[in-house]
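Peer 1: Below you will find the structure I want to go over with you.
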Amino acid sequence: MPTIGQLPSLSAVDSADEVPVSHDGATQSISIGTLLSGMQPAILAPTGCLLGRESLGPGGPEPINVGVGLDLQSRVLTATGADHAGFPSQPVLNLSDQAVLNAGGAPMLLQLSLLRGLFAAGSNIAINSSGTISSTASTTSSAGVGASYDIAGLPVVTTISAGDLVGISQSGTADAITYQNFLNGLTINEAQPAAAASNSDTTWVAQGSETMVCQTFGAIWAWIISNFPSYKSPVIEVATNTTLDDTVHNGRILVCSQPVTVTPAFTNMGSGFACSVINLSNASVTFGAGIISSSGVAVLPAGSSCALYGVTYSGGSVIYASVSGGTGQGNQTIPSIVTGLAVTGTSSTGASLSWAPPASGGAVTSYLVQYQVVGSSTWTTATHSVIDTAYNVVNLQASTAYEFSVLATNPAGSGTPSNTVTGITTAAGGVVPGQVTGLSASAPTTTSLTLTWLAPGIGTAPIGYTISYRETGTTSWMTYASSVSSTSVSVTALTPGTSYDFELTASNGTGVGLPSAIMSLSTDAVGASVTAVTWNLTPSGSYVHGSGSIGVNAQVSPPSAAVQFGFSTSATVPPASWTLAVLVITDIWGAYVNTPPTPGTWYAWVEGIDGSLPTVYPTQFAVT
């Protein structure tokens, strides 16, 4: 009999096919249809479904999908929590609310009020029954009443920095402030008014360290008095044409070693300026326009001296030179006639004039400007004290023709009036000048630069310009000059290596125009390396050892390169010590070097403060 494995295979069966069965011990056949007629057909369900019954009437099991938040995998039904997204939001937590937690693997509910039991209040902190956290420390500044800590128990520091915090009570609330701001808060207006000053009054000083100590006014005054006898006015040698400046020349003695021209710039000098000028050259020193001389002539003869004063009074601002040797008025001649008088602009209330100095006659000390309405025979004096060759006449009537004339004056008298010129003021309500354009800055040195600009293209013609400036990065503008009639000006007395902002406004009798665009430029810095040196003033003759000092100076390139001077007994070995020089004028640096302490033959040396280009003057000098 063949085995099962030896029988041929069928690819399909039907209900009429028969299979053998054992029935009561006998082998019989039965059809597949009959064999399976009483059996349940196979039930198939997709993954993720349960079998159940959700319909009525006859039928078998039906697949049922599990809901959101449940998952059926490998006959295991688990919760996923995905249904939580549909839960309503709770905007405010209440102590009666509950949260679900896992306690030892079993889900349990937790009353929210019990969460507070996990937290404990630290030092100076309290948590009340409502869950409010607060400080229990007193806002008083001592270690006493109400405080839960003792300030004496805190760590002790020996220094304090600007960023350290200081505790304060502000409007009943405990706050902190930095030490820097705490000190800045102590303003002068918080102090009580003081009585009249006396020698017993005290002030703060730092004496030998950063520690502040107090000093009486009496001790300070005694120190000042004790130093008066030894104070010496600084001496500056002038060997090139020089424009006077407050920061360089005020309170100094100017020694002119060459026949130079000394020119004032009152804007940079100011009222109260004073200096002495000694002419030790072999020819006269010339006073530039704007200096009124007591001698009546605009020169300081060789071997003479004078005192220069800047003063502002009811007649205007002038620089007066008190020349040694008297007024000399009897030797003067009256200036000749002014030439080139012209009206350069008008407004409804004023007119701008310019002219040229007399070509002959005595030196001019000032100009007299006068005017009258055309057809009138009465002249009105606008000013007696013009020292420049331009002036703005003001307080005129609108739409009126005026005649103008200028006379040159000195202590000997007034010259012949100039030719008359006519100008017509504009109608009342004239137009304010437009905005100045084309402002540019050029030719910077360590202390000066030049500004140029274009006159406004709209509005009534300006009578003058006002130049304002400030250090870049600051907000406060300062006026450098006003009533400037030209479209260029040299700005001096600036700080080396500093960036400045400049702006200009044009004005006439109607008003002031809009400021120009801001122009910025930096002055040259002091301290570049020296590339060239030319000796100008060197030691000569014989000097007593250890007595006084010896003046030296030299022309330096670049002009901003600071230098130092010294003396050595060798023409090849530089000095062991140096004296820093000061910028005298333009490119000349000078210093007073102590006379050598020992007799012998010495040489003068100069070099940049960075040690660049050590240079010896080849001619020796004697010290006895």
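Peer 1: Between the helical axis of 217-227 and the dominant principal axis of the chain, each derived from Cα atoms, what acute angle in degrees is found, rounded to the nearest 10?
Peer 2: With rounding to tens, the tilt is 50 degrees.
Peer 1: Which one of S376, S336, Y617 is farthest out on the positive end of the charge dipole of the chain, using unit charges on Cβ (Lys, Arg +1; Asp, Glu -1) and the Cα centre as origin?
Peer 2: Going by the Cα projections, it comes out as S336.
Peer 1: Turning to a different aspect of this structure: In percent, how large is the relative contact order of region 150-290, given Cα pairs closer than 8 Å and 6 or more residues apart?
Peer 2: Relative contact order, region 150-290: 13 percent.
Peer 1: Dividing the alpha-carbon radius of gyration of region 510-579 by 2.2 N^0.38 Å (N being the number of residues), what value is obtained?
Peer 2: So the Cα radius of gyration is 1.92 times the expected 2.2 N^0.38 Å.
Peer 1: What size of dipole, in debye to the nearest 20, comes out for the chain about its Cα centre when the only charges are +1 on Lys and Arg C-beta atoms and -1 on Asp and Glu C-beta atoms?
Peer 2: 2240
Peer 1: Based only on other Cβ atoms within 10 Å, what is the fewest-to-most ordering of I334, I550?
Peer 2: Ascending number of Cβ neighbours within 10 Å: I334, I550.
Peer 1: Sorted from fewest to most neighbouring beta carbons within 10 Å, what does the list H249, H545 look like?
Peer 2: H545, H249
Peer 1: Could you tally the net charge around V533, taking each other residue with its Cβ under 15 Å from the Cβ of V533, Lys/Arg +1 and Asp/Glu -1?
Peer 2: -3
Peer 1: Report relative contact order for region 468-624 in percent, whole number only (criteria: Cα-Cα under 8 Å, sequence separation at least 6).
Peer 2: Reported relative contact order: 20 percent.
Peer 1: List V13, V606, V436 from most exposed to least, where exposure is judged by having the fewest other Cβ atoms within 10 Å.
Peer 2: Ranking V13, V606, V436 by Cβ neighbours within 10 Å, fewest first, gives V13, V436, V606.
Peer 1: Per DSSP H run of n ≥ 4, the term is -39500 (n - 2.57); total these for the chain, divide by its residue number, and report the mean residue ellipticity at 222 nm rounded to 500 deg cm²/dmol.
Peer 2: Roughly -1000 deg cm²/dmol at 222 nm, from the helical runs in the chain.
Peer 1: Related question: Using +1 at the C-beta of Lys and Arg and -1 at the C-beta of Asp and Glu, which of W589, L504, V299 has the Cα lying farthest in the positive direction of the dipole of the chain?
Peer 2: Selected residue: V299.
Peer 1: Among S549, T447, S129, pick out the residue whose Cα is farthest towards the positive end of the charge dipole of the chain, where Lys and Arg carry +1 and Asp and Glu carry -1 on C-beta, about the Cα centre.
Peer 2: Toward the positive end, the furthest listed residue is S549.
Peer 1: In whole Hz, what ³J(HN,Hα) sequence does region 543-553 give by Karplus (6.51, -1.76, 1.60; θ = phi - 60°), x for Gly and Pro?
Peer 2: So the Karplus estimates, Gly and Pro as x, are 10, 7, 4, x, 10, x, 9, 10, x, 9, 7 Hz.
Peer 1: I would also like to ask the following. With only alpha-carbon atoms counted, please give the Rg and Dmax of the chain, in Å.
Peer 2: Reported Rg and Dmax, both Å: 50.6, 176.
Peer 1: Relative contact order of region 1-117: what whole-number percent is it, with Cα pairs under 8 angstrom and at least 6 residues apart?
Peer 2: 11
Throughout, read-outs are computed from the coordinates displayed, never taken from laboratory work. In this text, all values refer to a predicted model and were calculated from it rather than measured experimentally. Because the Cβ atoms are built from the backbone with ideal geometry, glycine has one as well, and the counts that use them run over all protein chains shown.
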